[in-house]
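Q: Quick one: the structure is below, questions incoming.
Here, each number is a calculation from the coordinates, and none is a lab measurement. Please read these numbers as outputs of a predicted model, since none were measured by experiment. Because the Cβ atoms are built from the backbone with ideal geometry, glycine has one as well, and the counts that use them run over all protein chains shown.
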Amino acid sequence: MEQVYIVLRHREIPDIDQYETYVAHGGYEGLRVALEQAPDEVIELVKQSGLRGRGGAGFPAGVKWGFVPKDVFPKYLVCNFAEGEPGTFKDREIAEYNPHQLIEGIIIAAYAIQANTAYIYHRGEFTFAAQQLRRAIAAARAHGWLGEDIQGTGFTLNIYLHPEAGAYICGEETAQLSSIEGHLGQPRLKPPFPATHGLWQKPTVINNVETLTNLPMILRHGAEWYRQWGTERTPGTRVYCVSGHVVRPGNYELPASVTARELIFEHAGGIWKGHRLKAFIPGGMSAPLLTPEHLDVPLTYDDLAAAGSMGGSGGVIVLDDQTDIAWVIAKQVAFYKHESCGKCSPCREGTYWQKMLADRILSGQASRRDVELLKAVSDQMTNTCFCPLGEASRMVVQGAYKYFADELYQWVEERRRAVEPAAV
Amino acid sequence: MLRENRSTEIEELLGHYPEKRAAMIPLLYMAQEEYGYLTPQAIKEVADILELDPTDVYGVARFYSLFYLEPVGKFVIRFCTDLPCALVGAEELYRYLLETLGLEEGGTTSDGIFTVQEAVCLASCGTAPVMQINFQYFEHLTREKLDEILALVRAQGLPPNGKGLRFAPRPQQQ
């Protein structure tokens with residue numbers, strides 16, 4: 001498959017971050033189409049396109065919008081630009097190099113749900129992206145696409161940037177709402193869902209950067225056009241972020257139905273240094289790893305779920321055959337322990353124990369019982385954590401054990417022999 | 001001081017939200033810019049603007065890793081060692097950086113120029129190993145490039161384009 005640029009259009013049109021260039025290539029035409037329709041018609045079109053949320057859960061965007069009550073005001077739109085899932089780096093590229101298309105997408109989504117205020121919740125680290133977005137917002141405003149009475153339709157929208165300040169959990173949508181309101185970025189109980197009780201208990205939609213950036217093209221070209229790529233249930237393209245042990249790491253926008261084999265071995269150039277593939281993590285670090293036997297699985301949400309992993313954020317992390325699984329697990333659980341927000345005990349205490357055990361296994365001081373205990377702790381965390389962060393931490397360990405438990409037992413036995421030769 | 005020095009900005013910012021409290025994070029960033037780090041005085045000024053208790057503001061500031069509650073150097077280096085970066089040698093390179101500057105994790109050089117922190121994923125895994133200096137990206141790092149960057153930043157400060165130094169991709173090994 002060839003790359004298809006619906007979102008990463010700057011790869012073909014270098015100056016597309018400039019307003020004039022963007023408009024010369026059909027910029028703000030999608031919004032014009034949207035504004036000529038009733039908001040419900042826009043929601044219907046996006047439902048027909050089958051566009052699914054690119055943040056991680058893959059929930060259909062149009063369906064999410066449909067949950068927003070019509071008669072409660074004000075409503076809010078939040079653009080989730082808290083990209084922090086290890087292995088994921090697409091949203092930052094989009095905002096930095098194709099900012100107008102994101103802004104246009106935000107205006108379309110806000111119009112569809114009739115929100116008059118939108119916040120772009122961006123990581124504090126993304127200063128260049130924020131600068132690009134501020135410029136794009138100013139240009140859009142100067143040309144009548146933002147502010148009061150947009151293009152004479154009576155629709156009003158203001159977009160504000162709101163910085164995050166260094167907490168992975170704030171990518172989770174309810175934690176994000178708490179963070180915007182000025183509280184600790186900790187998740188809230190669902191239901192009620194943000195669609196009815198979001199920011200300041202008002203109807204709120206939270207959409208990911210890539211999701212929103214698809215909208216202008218869908219509005220311009222229609223649902224059928226969008227559906228020429230991907231599958232029935234995961235239409236369109238996805239930006240797959242490839243990192244780790246490949247020859248050409250980077251972002252690749254491909255029909256969502258591309259297989260891991262094609263992505264890793266054709267587009268990303270295969271495994272580096274002539275090594276072999278040991279495993280790959282298909283949907284950001286929180287997705288359970290898969291092995292070479294899964295290379296022909298298409299990277300759609302449903303196919304990856306059927307294979308025992310998840311589509312997640314589209315970050316594909318590639319591990320070569322020189323990689324020790326004990327080390328990978330230790331890196332993963334250290335991250336979740338560091339980022340656990342502390343709200344619920346299964347995650348707060350579970351990730352603490354996971355890290356302690358994983359470090360002990362890695363150090364060679366562990367016994368077979370520690371390997372069993374790490375699995376047991378992870379199993380005890382299952383479906384008990386308040387939000388997906390703790391669940392991710394136990395899922396990645398369970399996923400690794402599914403294929404590499406023998407390697408872990410072998411690892412501790414070899415190292416114990418090395419450490420305590422006399423005791424054997 | 002914050003209120004006096006940034007009054008227009010603060011007023012505009014408060015207008016973005018139906019409740020003042022929501023301006024918390026942006027105001028904490030502003031206070032950090034003014035004071036270098038979040039001093040008790042800075043926290044108190046933010047609390048006054050938001051009409052909140054300073055303890056409340058401190059609790060929020062403490063939750064987030066980009067707010068500094070202790071003094072930091074002129075340039076804060078945040079070096080990613082998460083899995084995708086670590087797969088291509090970031091941990092070894094991070095140790096080299098600490099050794100080169102003679103620092104422990106989180107430490108600041110005696111001349112007050114550099115503070116080094118281990119960062120979580122910076123969303124730049126395709127150009128790993130990667131670090132930020134005062135939020136500008138430095139990508140495809142090697143020992144040689146680290147030496148070069150430290151010397152350059154020490155002598156001339158950060159590149160003015162706000163984009164950091166994005167070196168050409170490393171030679172591809174087949």
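Q: Classify the stretch A:158-199 from the C-alpha gyration tensor, please: rounded if a/c falls under 1.5, else prolate or oblate depending on whether a/b exceeds b/c.
A: It comes out oblate by the Cα gyration axes.
Q: Now, a different point. Taking only C-alpha pairs under 8 Å that are 6+ residues apart, what is the relative contact order of chain A in percent?
A: This gives 16 percent for chain A.
Q: For residue A:48, put the label point 7 Å out on the Cα→Cβ axis and report which residues of the stretch A:210-237 keep their amide N under 14 Å from it.
A: A:218-228
Q: I would also like to ask the following. So how tilted is helix A:325-339 from the main axis of chain A? Cα-based, degrees 0 to 90, rounded to 10.
A: For A:325-339 against chain A, the angle is about 50 degrees.
Q: Calculated from DSSP H runs of 4 or more alone, at -39500 (n - 2.57) each and per residue, what is the 222 nm mean residue ellipticity of chain A, nearest 500?
A: About -13000 deg cm²/dmol.
Q: Using all alpha carbons of the stretch A:9-226, what is the percent of pairwise distances in each 5 Å bin, ordered from the shortest bin to the longest?
A: Over the stretch A:9-226, the share of Cα pairs per 5 Å bin runs 1, 7, 16, 21, 22, 18, 10, 4, 1, 0 percent.
Q: Here's a follow-up. Given an 8 Å cut-off on Cα distances and at least 6 residues of separation, report the relative contact order of the stretch A:9-226 as a percent.
A: 30
Q: About the Cα centre, and with charges only on the beta carbon of Lys, Arg (+1) and Asp, Glu (-1), how big is the dipole of the stretch A:325-419? Nearest 20 debye, please. Please list the in-between numbers first.
A: Numbers: 14 positive and 11 negative charges, 35 e Å.
So the magnitude is around 160 debye.
Q: Relative to the first principal axis of the alpha-carbon coordinates of chain A, what is the inclination of helix A:388-419, with its axis defined by its Cα atoms, in degrees from 0 to 90 and to the nearest 10?
A: 30
Q: Using Cα positions and a limit of under 25 Å, work out the lysines in reach of residue A:190, with same-chain residues fewer than 8 apart set aside.
A: Filter leaves A:47, A:64, A:70, A:75, A:202, A:337, A:343.
Q: Can I ask one more? Project the alpha carbons of the stretch B:75-162 onto their principal axes and report the range along each, largest first, in whole Å.
A: Largest first, the stretch B:75-162 extends 33, 30, 21 Å along its Cα principal axes.
Q: Turning to a different aspect of this structure: Relative to the longest principal axis of the C-alpha atoms of chain A, give the angle of the C-alpha long axis of helix A:127-142, reported between 0 and 90° and rounded to the nearest 10°.
A: 10
Q: Could you check the spin-label model distance between residue B:151 and residue B:33? Points 7 Å from the Cα along Cα→Cβ, value in nm.
A: With each label point 7 Å from Cα toward Cβ, the separation is 3.3 nm.
Q: Taking each residue in A:88-100, count the Cβ atoms of any other chain within 10 Å of its Cβ, then average. What number comes out?
A: Mean partner-chain Cβ count within 10 Å for A:88-100: 2.
Q: In nm, give the distance between the simple-model label positions of residue B:48 and residue A:4, each being 7 Å from the Cα along the Cα-to-Cβ direction.
A: Computed distance between label sites residue B:48 and residue A:4 equals 5.8 nm.
Q: Evaluate the relative contact order of the stretch B:2-63 (contact order divided by residue number), counting alpha-carbon pairs under 8 angstrom at least 6 apart; express in whole percent.
A: Averaging sequence separation for qualifying contacts and normalising by length gives 31 percent for the stretch B:2-63.
Q: Rg (Å, one decimal) plus Dmax (Å, integer) for the alpha carbons of the stretch A:270-352?
A: That works out to 14.4, 45 Å for Rg and Dmax.
Q: Next question. Note down the Stokes-Einstein diffusion coefficient of the protein assembly as shown in µm²/s, whole number, using a Kirkwood radius over alpha carbon pairs, 37 °C, and 0.692 mPa s.
A: 133
Q: Only bridges whose two residues both fall in chain A count here: according to DSSP, what percent of them are antiparallel, nearest 5?
A: Taking every DSSP beta bridge within chain A, about 45 percent pair in antiparallel fashion.
Q: Would you mind computing, in nm to one decimal, how far apart the modelled labels at residue B:142 and residue A:356 are, each placed 7 Å from Cα along Cα→Cβ?
A: Label-label distance for residue B:142 and residue A:356, simple model: 4.3 nm.
Q: For chain B, what is the mean residue ellipticity at 222 nm derived from helices alone (per DSSP H run of n ≥ 4: -39500 (n - 2.57); sum divided by total residues; nearest 500 deg cm²/dmol)?
A: Value at 222 nm, helices only: -12500 deg cm²/dmol.
Q: Right, here's the next one. With r as the distance between the Cβ atoms of residue B:9 and residue A:273 and R0 = 56 Å, compute the FRET efficiency 1/(1 + (r/R0)^6) and round to 0.05.
A: Values: r = 51 Å, r/R0 = 0.91.
Efficiency, rounded to the nearest 0.05: 0.65.
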